[in-house]
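Shown next, in structure tokens, is the structure this report addresses.
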Amino acid sequence: MSRTVQCVILKREAPGLDRPTYPGELGKRIWESVSKEGWARWLSHQTMLMNEYRLTPVDPKARKFLEAEMEKFCFGGGSDKPKEFKPPA
């Protein structure tokens, strides 16, 4: 039986993640409050941020930036797209 969560991103109840996806206290909050669909939305947004800002996940500054954006996206009202971002046609 799958677990459900009250997703903070979707603002409704939805199937929860199958396993924790991030370590630490932030990971615990994500596990308890973000659905599979909400997490997929974050991953898509994260990919866009990495591409637009040309970030590499091995760079500690990039990881710190992405973690801050993840927290804003999930719990702080959203993460902004870069001003120059134009979605693909």
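The numbers here are math on the coordinates, done by the rules we state, and not lab data. In this text the structure is predicted, and so the values were computed from the model without any measurement. Don't worry about glycine lacking a Cβ; one is built from the backbone with ideal geometry, like all the others, and counts go over all protein chains shown.
Starting from the amide H of Ser35, placed 1.01 Å from N in the peptide plane, find each other amide H under 5 Å away whose residue is 5 or more places distant or on another chain.
Sorted by chain and number, the residues that satisfy this are Val8, Ile9, Leu10.
GNM, the chain, Cα, under 10 Å: largest mean-square fluctuation among Gly76, Gly38, Gly24?
Evaluated over the chain, the most mobile residue of the options is Gly24.
For segment 1-65, which trypsin sites (Lys or Arg not before Pro) are both in a DSSP coil and crowded by at most 16 other Cβ atoms within 10 Å?
Answer in residue order: Arg3, Lys11, Arg54.
Convert each backbone phi in segment 23-33 into a coupling constant with the Karplus relation 6.51 cos²θ - 1.76 cosθ + 1.60 (shift: θ = phi - 60°), then list the ³J(HN,Hα) values in order as whole Hz, x for Gly and Pro.
Coupling constants for segment 23-33: x, x, 5, 4, x, 5, 4, 5, 4, 7, 10 Hz.
In terms of modelled amide H atoms, which long-range or inter-chain residues lie less than 5 Å from the amide H of Val5?
Ala14, Gly16
Can you tell me the equivalent ellipsoid semi-axes for segment 19-89? Use √(5λ) from the Cα gyration tensor, largest first, whole Å.
Over the Cα atoms of segment 19-89, the semi-axes work out to 21, 15, 10 Å.
List, in the order given, every pair from Lys36/Lys86; Lys11/Lys61; Lys28/Lys64; Lys11/Lys64 whose Cα-Cα distance in the structure shown is over 24 Å.
Pairs exceeding the cut-off: Lys36/Lys86; Lys11/Lys61; Lys11/Lys64.
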